[in-house]
Amino acid sequence: MISDVLSEAVSDIEEYLQDPVNYFEERDWIKNLVVRMTALRIYLDCPPNTDPQFLNALTRVENQNMLDEVLARRRIDIQR
């Protein structure tokens, strides 16, 4: 499944980023890509009856702050 491939790729990329010298100039760009890959994985793993607003918000994620915000809103909605 694509979500499995994304999960593995994110893990591998994060491993490369452990060394601060690797991809120093591209680091922010790569981190934003990892966040978008994570958002897509979450989107693909959602059941069919998932709130469409949540799914739409995931498609617009561009950085870690946006993903954190979307997930925080989702947790608040679930707790209600």
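Counting charges near residue 63 (Lys, Arg +1; Asp, Glu -1) among other residues having Cβ under 12 Å from its Cβ returns a value of -1. Per atom type, segment 13-80 shows carbon and sulfur on 52% of its accessible surface, probed at 1.4 Å.
Note that the chain presents 78 Å² accessible area per residue, ligands and nucleic acids not counted, probe 1.4 Å. From the coordinates of this entry, percent of Cα pairs over 15 Å apart is computed, and it appears in (i) 60; (ii) 80; (iii) 69 under the label (i). Between residue 40 and residue 19, the C-beta separation translates, for a Förster distance of 22 Å, into a calculated FRET efficiency of about 0.30.
The values are calculated or read from the model by the stated rules, or taken from the named source; none is laboratory data. Small disclaimer: the values here were computed from a predicted structure and weren't measured. Every residue, glycine as well, gets a Cβ built from its backbone with ideal geometry; the counts of neighbours run over all protein chains shown. The area values use the complete protein model at the heavy-atom level, side chains included, leaving out ligands, DNA and RNA. Shrake-Rupley method; radii C 1.70, N 1.55, O 1.52, S 1.80 Å.
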